[in-house]
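Here the structure comes first, spelled out in structure tokens, and everything after it is commentary.
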Amino acid sequence: MESFTWAKATTDNSEQPKVAVLLPGSGYPVEGPVLFWIGEMLGALGWHVQAVRWTSDDSPSTDPHEFAANAARQAFAAAPDSHQRLIVAKSFSTLSIPWAEEARIPGIWLTPLLTDEQVRSTIRASSKDDLFIGGSQDKLWDGGRKSETAGTFFEVPGADHSLQIPNDWRASQQVQAEVFTRVEAFIREVS
């Protein structure tokens, strides 16, 4: 994996910047439309944004949860020190949810792998107010979380795992605009 600065925070020298880490999916890079615009949004809201890219040397097969957590740890280590941190993760990288829970870092979890038992049990036991966004047509979304009390769940009607409406770019753009509105509201709450 490689980590790079997406946006630098605009703060005076007396305060630590707010730091957000963007984590890609296995086949959805941080330059993908949903992550791209969230990265731009965070930068415009004054956050230092550290992004991750997978490289050809990456091999998450032995322990994918640890692999995703390690990517988050390395990205935070490459960013400026901060007491206010945020993770924005897509799909595969949501396997870092257990690590984020231990580290008490809030997250925006895009198309989380709710079919993964470790992810699901961590969410079930969490007391953090994370934001979970998934499409109703995404088999890995598993209908969102029904019985847990922590976090906010937003299901995009008709959307697939890419948060797109299949074969309808205009409808995809409209539902993604609603996703961005909800993400912005969440970011402002944690700021």
Which of GLN16, ALA150, GLY27 sits closest to the plus end of the dipole of the chain, meaning its Cα is farthest towards the positive end, when Lys and Arg get +1 and Asp and Glu get -1 on the C-beta? ALA150
What's the center-to-center distance, using Cα atoms, between segment 131-191 and segment 1-70 in Å? 19
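How far, in nm, would the chain grow between THR115 and ALA78 when pulled straight, counting 0.36 nm per residue and subtracting the alpha carbon separation? If you can, show how the numbers build up before the last one.
Details: separation 37, 0.36 × 37 = 13.32 nm, distance 3.10 nm.
Full extension of this stretch gives 10.2 nm more.
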Given H placed on each backbone N at 1.01 Å, which residues far from VAL156 in sequence or on other chains put an amide H within less than 5 Å of it? GLY134, GLY135, SER136
Expressed as a whole percentage, what fraction of the accessible surface of segment 52-97 belongs to carbon and sulfur atoms when a 1.4 Å probe is rolled over the protein heavy atoms? 47
Extension gain, THR10 back to ASN167 (0.36 nm per residue minus Cα-Cα distance, nm): 52.6 nm
Angstrom value of the Kirkwood radius, inverse mean 1/r, which spans all Cα pairs in segment 1-109: 13.7
Run the dipole for segment 1-130 about the Cα centre, Lys and Arg Cβ at +1, Asp and Glu Cβ at -1, nothing else charged, and hand back the magnitude in debye, nearest 20. 220
Give me a comma-separated list of calculated 3J(HN,Hα) values for segment 66-74, in order, Karplus coefficients 6.51, -1.76, 1.60 applied at θ = phi - 60°, integers in Hz, x for any Gly or Pro. 5, 4, 5, 5, 5, 4, 5, 4, 5
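Is it possible to state the helix-based mean residue ellipticity at 222 nm for the chain, with each DSSP H run of 4+ residues giving -39500 (n - 2.57), the sum divided by total residues, to the nearest 500 deg cm²/dmol? What is it?
On the way: 5 runs with 65 residues, N = 191.
Calculated mean residue ellipticity at 222 nm is -11000 deg cm²/dmol.
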What accessible area per residue, rounded to a whole number of Å², is obtained for the chain using a probe radius of 1.4 Å? 48
Cα convex hull volume per residue for segment 50-99, in Å³, equals 82
In straight Cα distance, which aspartates and glutamates are under 14 Å from LYS8, not counting same-chain residues fewer than 8 positions off? GLU40, ASP81
Expressed as cubic angstrom per residue, what is the convex hull volume of the alpha carbon set of segment 88-190? 84
Counting only residues 5 or more places away or on other chains, whose amide H sits under 5 Å from the amide H of ALA7 once H atoms are built in the peptide plane? VAL49
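Ranked from highest to lowest mean number of other Cβ atoms within 10 Å per residue, what is the order of the peptides 17-28, 71-82?
Numbers: 17-28: 23.1, 71-82: 17.8.
Answer by packing, highest mean first, reads 17-28, 71-82.
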Which stretch or stretches of segment 109-125 have amide N atoms under 17 Å from the point lying 7 Å from THR152's Cα along the Cα→Cβ direction? 109-112
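The values are calculated or read from the model by the stated rules, or taken from the named source; none is laboratory data. All of these numbers come straight from a predicted model, not from anything done at the bench. Cβ: placed from backbone, ideal geometry, glycine included. Neighbour counts: every protein chain shown. These area figures cover heavy atoms from the full protein model, side chains too; ligands, DNA and RNA do not enter into them. Shrake-Rupley method; radii C 1.70, N 1.55, O 1.52, S 1.80 Å.
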